[in-house]
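The values are calculated or read from the model by the stated rules, or taken from the named source; none is laboratory data. Predicted model, so just to flag it, every value in this text is computed and none were measured. Cβ sites come from the backbone with ideal geometry, for glycine too, and all protein chains shown count toward neighbours. Calculation scope for accessible area: heavy atoms of the full protein, side chains included, ligands and nucleic acids excluded. Shrake-Rupley method; radii C 1.70, N 1.55, O 1.52, S 1.80 Å.
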Amino acid sequence: MKHSELQSPLKSIKMRQRKNGSSIKHPNLSDAEAKSQKKSPYSLKDVFLTCLGFRMLNALLIQTYFNPDEHWQALEVAHRIAFGYGHLTWEWEEGIRSYLHPMMFALFYKLLALLRLDIPCVMIKAPRLLQSIFSAVGDLYLYKLSFVLFGDGVAKWALFSQLANWFMFFCFNRTFSNSLETTLTLVGLYYWPSVRSSLNKAPSGSRKWGLALAALACAIRPTSAVTWVYVGLLELYLTHDRLRFIFVELIPIGSVVLGITCLLDRLMYDSWVLVPLNFLKFNFLSSGGDYYGTHKWHWYFTQGFTVMVFTFLPFCVAGIIKSKYWKLSGLILWVLGLYSILGHKEFRFVLPVLPISLIFVGYSLAALDERGSRNGAKKRSSCICNKWPSRKQLAIFFLLASNIPMALYMSLIHQRGTEDAMNYLSKEAAKGKVKSIVFLMPCHATPYYSTLHNNLPMRFLDCTPNKGMPTESDRFMMDPVSFAVDFAKNWSHPSHIVLFDSEERHLKDFLISHSFREVRRFFHAHFKVDHDLQASVVVYAD
């Protein structure tokens, strides 16, 4: 969409409302925001380049491990497609994952190989740098969506909130399907007419783009349908051409995207697989996700989403109340409510609605000093105005002071040991110093071939769900010594063993008896997460 098209809805409103040299404010804008509308918006090119530079720096600063899916359901699969080796988890055997998302990284890996750039340092950093481009697109469309809804005054503060929020910094640049889903959600919402007010009508044909992006988001992650069912029902309620919407746009566009996705999965699985149906059966009908842990129904409201929004929460609530823009606030409540029904809950599942909540934060920040300016703040002496910071300045300082340390700690320090250990082994393998590796730790606790990038024998403890029977990973955690002794009877003696210090205490004698010595120790975490405190990751070699 052109910059002039973005300005046109607001310009037409101003022209209709301008009278005797003054203008009536937009119905969704405060007085202060209406005044800020008079200023020209920032160049969209400048906004994107600023966001891109920020997200690339963000990507380079992420050096910690968050969730196995970042590596095992995206990069590991892509590495197998591009280079012929890599591990596929049980989900791929059951056909509940689509190859659409990892294929994007597989093509990127192929490009790196063609340019002879598939070396350890590049293989480690490049995927998140690629993701930073998609994240910057998401940032841009958050700005554009905020602009068409509330004007430039809100848009710039919504963008500030997006860039300053600790969880967006920590998670958005990771190679989760949720990250790309979030970008597609922001772009898609911008093109949906039902999301906008009646005074800010979307350009002709934009709904088709919104439908295509919604279908693509659902193809990449079927649970994205939770978001788009709400938007689709809202569109169905508000539109005057319901039959056209259903039969000319929704069904044809959805069918084309689903067909392309099915053809890709047919090619990769070597058989016809309907991933959305398999995904629905496993996660919703059989509650298969509960195997990975469950939470109380209210977890997203009392802990999960609250932690993600963090210190922006009071500003978000204030923005929702003050703006009275129930379409988007209703979407947040809808998504959190439906995800609360599921037993298995994770922070990243509701990542797509976090930027939407930050739009309301932008509204609240833009309106902070409105009351003071209305009550004659200009009459105050300049010395008093300069001596004390404004409420907005205090709010910005509070948000930055609380979010920046959190973002840096979680991105640079907390749970970095498993990443550091694999980065070290990748460089050692490139020098020919690693022959084989065994991971005596909970399954999927480290990256794998996508980071090692060397076709060496590796073995981790399996954790494929097995109808209530304890897995290898479970048995190891229950009794590390007995498991290791039995395990060693059938192994091909590895050159390296990787384990957490919490298990090292129990296996010290076992390691010495098999002629292993400690070669490197990497700090991992200050506090426990799922198991006992795993303070460091230790690499042993024979």
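Counting DSSP beta bridges with both partners in the chain, what percentage is antiparallel, nearest 5?
Percent antiparallel among DSSP bridges in the chain is about 65.
At 1.4 Å probe size, put 528, 201, 110 in order of accessible surface, largest to smallest.
201, 528, 110
With everything on Cα atoms, drop me the angle between helix 501-513 and the longest principal axis of the chain, reported from 0 to 90° to the nearest 10.
That helix lies at roughly 20 degrees to the long axis.
Can you give the angle from 0 to 90° between the axis of helix 354-366 and the longest principal axis of the chain, with both taken from C-alpha atoms, to the nearest 10?
40
To the nearest 0.05, what FRET efficiency results for residue 397 and residue 302 with a Förster distance of 35 Å applied to their C-beta separation?
Efficiency computed from Cβ-Cβ geometry: 0.80.
Helix 206-220 sits at what angle to the longest principal axis of the chain, using alpha carbons and giving 0 to 90 degrees rounded to 10?
Between helix and principal axis, roughly 20 degrees.
Beta carbons within 10 angstrom, averaged per residue: use that to sort the peptides 444-457, 329-342, 214-227, 504-517, highest first.
The peptides rank, most packed first, as 214-227, 444-457, 329-342, 504-517.
Summing -39500 (n - 2.57) over the DSSP H runs of n ≥ 4 in the chain and dividing by its residue number, what mean residue ellipticity at 222 nm do you reach, to the nearest 500 deg cm²/dmol?
The per-residue figure over the chain is -18000 deg cm²/dmol.
How large is the dipole of the chain about the Cα centre if only Lys and Arg carry +1 and Asp and Glu carry -1, each at its Cβ, rounded to the nearest 20 debye?
Rounded to the nearest 20 debye, it is 3300 debye.
Can you list which of the trypsin sites (Lys or Arg not before Pro) found in the range 435-479 are DSSP loop residues with at most 11 other C-beta atoms within 10 Å?
Those that pass, being in a loop and sparsely packed, are 467.
Could you tell me what fraction of 2.2 N^0.38 Å the Cα radius of gyration of the range 95-169 comes to, as a two-decimal ratio?
Ratio of Cα Rg to 2.2 N^0.38 Å: 1.49.
Taking the dipole about the Cα centre of the chain, with the C-beta of Lys and Arg at +1 and of Asp and Glu at -1, give me whichever of 113, 536, 134 is farthest to the positive side.
About the Cα centre, the residue reaching furthest to the positive side is 134.
Specify whether the C-alpha gyration tensor of the range 224-313 places it in the rounded, prolate or oblate class, a ≥ b ≥ c being the square roots of the eigenvalues: rounded for a/c under 1.5, otherwise prolate if a/b is larger than b/c and oblate if not.
Oblate, because a/c is 1.5 or more while a/b does not exceed b/c.
Residue 482 to residue 125: extension gain in nm, 0.36 nm per residue of separation minus the Cα-Cα distance?
Difference between extended and current length: 124.7 nm.
Given 261, 367, 283, which one lies farthest toward the positive end of the charge dipole of the chain, if we put +1 on the Cβ of every Lys and Arg and -1 on the Cβ of every Asp and Glu?
So the residue furthest toward the plus end is 367.
As a quick test, which of the pairs 144/528; 156/201; 110/281; 201/322; 110/156; 208/296 have an alpha carbon distance above 31 angstrom in this structure?
144/528; 110/281; 110/156; 208/296
Just order 346-358, 249-261 by mean Cβ neighbour count inside 10 Å, highest at the front, would you?
Taking the mean over residues of other Cβ atoms within 10 Å, the ranking is 346-358, 249-261.
How big is the charge dipole of the range 416-541 about its Cα centre, in debye rounded to the nearest 20, if each Lys and Arg gets +1 on its Cβ and each Asp and Glu gets -1 on its Cβ?
Rounded to the nearest 20 debye, it is 460 debye.
Quick check on the chain: what does the Kirkwood estimate of hydrodynamic radius come out to from the alpha carbon pairs, in Å?
Averaging 1/r across every pair of different Cα atoms and inverting gives 25.4 Å.
Which values, in whole Å and largest first, are the semi-axes of the equivalent ellipsoid of the range 416-541 obtained as the square root of 5 times each eigenvalue of the Cα gyration tensor?
Taking √(5λ) for each Cα gyration eigenvalue gives 21, 17, 16 Å.
Report the gain in length on full extension from residue 204 to residue 269: 0.36 nm times residue separation, minus Cα-Cα distance, nm rounded to one decimal.
The residue 204-residue 269 span can extend by a further 19.5 nm.
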